[in-house]
Amino acid sequence: MAVIIDGKKVSAEVKEQVRLETAELIKKGVQPGLAVIIVGDDPASRVYVNNKKKACEAVGFLSREYALPATTTQQELLELVNKLNDDEEINGILCQLPLPKGLDEKSVIEAISPLKDVDAFHASNVGKIMIGDYDFLPCTPAGVMEMLHSYNIAVEGKKCVVIGRSNIVGKPMGMLLLHENGTVTITHSRTQNLKEVTREADILVAAIGKPKFVTADMVKEGAVVIDVGMDRDENGKLCGDVDFENVKDKCSAITPVPGGVGPMTIAVLMKNTLKACKLQNNL
Ligand code: NAP
């Protein structure tokens, strides 16, 4: 029977550490602040933003939300980002993606000051991650690493296979596993014989966006399986990229959805905002 990696438990521990450190900072007159920009009315984005706001309040951060209509122009959005870059109460800026059609995500990401880029999406932060000398790590892949550490799952020397090569999950996930001396393969929609590749994995990370895509025959006996997916099954129920019910009997450890990677993403966002605050205040 596989160990079910409890993302809620690990994320609660990370957030508690952030809360304690924040309380100390507040005693010194410094309160970390996070600004979240949401454009349009995508229901999934609204849920994510609400969860981020709740997490900020729980750890003692100042939390500001900027809810803009879908008709917002690129110019207006960039002006808001620039204003927040200069706002001393705000240490971290996050623009919830995806943006409505017609708005250019790339230029918004690049407009956020790298010092306040708590998502670690800015090219300068991405470059720093590549060379292994960084201030911030992207929240979801870093959350996965925190879970592996918490369960004493060593990466060194292991065959690690990541399914998905997005800039926000797959690519940085591969890089973080490489930093910990895993032997990493990143796969994608053009990978041939995917099953043969995934069956080699000691650690398999699925970040595809397709419900229950990873089936038991794609997984090596005893593998560690990390499910980043946040999908809906045929009944509209939240599920992951992994066919959890069938895969769990084959692996040594697995993350559930919900209650796995999702809560970790927010916990790392809190950690990054705290770090941004400390760096900006030379603490
Ligand atoms: P994305 O940008 O759509 O990337 C999906 C990746 O999967 C692409 O690289 C794509 O390959 C690959 N892919 C698609 N079909 C494939 C196939 N048949 N075989 C192999 N690879 C295939 O998605 P994302 O933003 O990385 O997100 C992935 C999933 O994670 C989604 O379910 C998303 O909701 C979830 N997510 C969760 C969190 C969290 O906090 N838990 C955070 C972020 C994302 P190509 O590059 O060749 O197209």
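The values are calculated or read from the model by the stated rules, or taken from the named source; none is laboratory data. Quick caveat: nothing in here was measured; it's all calculated off a predicted structure. Ideal geometry is used to build each Cβ from the backbone, glycine not excepted, and the neighbour counts take in all protein chains shown. We work out accessible area using only protein heavy atoms, side chains counted, and drop any ligands, DNA or RNA first. Shrake-Rupley method; radii C 1.70, N 1.55, O 1.52, S 1.80 Å.
Do we find a residue being in contact (Cβ under 8 Å) with a residue 12 or more places away in the chain, small (Gly, Ala, Ser), part of a loop (DSSP other than H, G, I, E, B) and closer than 21 Å to residue 119 by Cβ anywhere in segment 34-56? The answer is yes, given that some residue of segment 34-56 is in contact (Cβ under 8 Å) with a residue 12 or more places away in the chain, small (Gly, Ala, Ser), part of a loop (DSSP other than H, G, I, E, B) and closer than 21 Å to residue 119 by Cβ. Checked across segment 108-120, the condition of being in contact (Cβ under 8 Å) with a residue 24 or more places away in the chain, assigned to a helix (DSSP H, G or I) and closer than 23 Å to residue 30 by Cα holds for at least one residue. Based on this model, can you work out whether residue 46 counts as of a type in the set (Lys, Arg) and under 19 Å from the mean Cα position of the chain (by Cα)? Yes.
Selection over segment 146-166 of residues that are open to solvent by 60 Å² or more (accessible area, probe 1.4 Å) and either assigned to a helix (DSSP H, G or I) or at pLDDT below 95 (or both) gives a count of 1. The set of residues in segment 213-237 that are under 20 Å from residue 141 (Cα atoms) and out of contact with any helix residue (DSSP H, G or I) (no Cβ under 8 Å at 6 or more places or on another chain) comprises 213, 223, 229, 231. Put simply, of 205, 224, 247, 261 the only residue that is open to solvent by less than 70 Å² (accessible area, probe 1.4 Å), of a type in the set (A, V, I, L, M), at pLDDT 95 or above and closer than 30 Å to residue 90 by Cα is 261. Within segment 128-145, restricting attention to residues that are part of a loop (DSSP other than H, G, I, E, B) and open to solvent by less than 10 Å² (accessible area, probe 1.4 Å), the residue that is nearest to residue 266 (Cα to Cα) is 138. Assess whether residue 279 counts as being touching a Leu at 6+ places or on another chain (Cβ under 8 Å) and surrounded by fewer than 15 Cβ atoms within 10 Å (Cβ to Cβ). Considered against the rule, which asks whether it is touching a Leu at 6+ places or on another chain (Cβ under 8 Å) and surrounded by fewer than 15 Cβ atoms within 10 Å (Cβ to Cβ), residue 279 comes out as yes.
Candidates are the residues of segment 29-52 that are of a type in the set (Gly, Ala, Ser) and within 17 Å of residue 70 (Cβ to Cβ); the one that is modelled with the lowest pLDDT is 44.
Could you list, in sequence order, all residues of segment 86-107 that are assigned to a loop (DSSP other than H, G, I, E, B), open to solvent by less than 50 Å² (accessible area, probe 1.4 Å) and within 12 Å of residue 35 (Cβ to Cβ)? Across segment 86-107, the qualifying residues are 87, 90, 91, 96.
Kindly establish whether residue 72 is of a type outside the set (A, V, I, L, M, F, W, C), open to solvent by less than 30 Å² (accessible area, probe 1.4 Å) and not in a loop (DSSP other than H, G, I, E, B). For residue 72, the condition - of a type outside the set (A, V, I, L, M, F, W, C), open to solvent by less than 30 Å² (accessible area, probe 1.4 Å) and not in a loop (DSSP other than H, G, I, E, B) - is not met.
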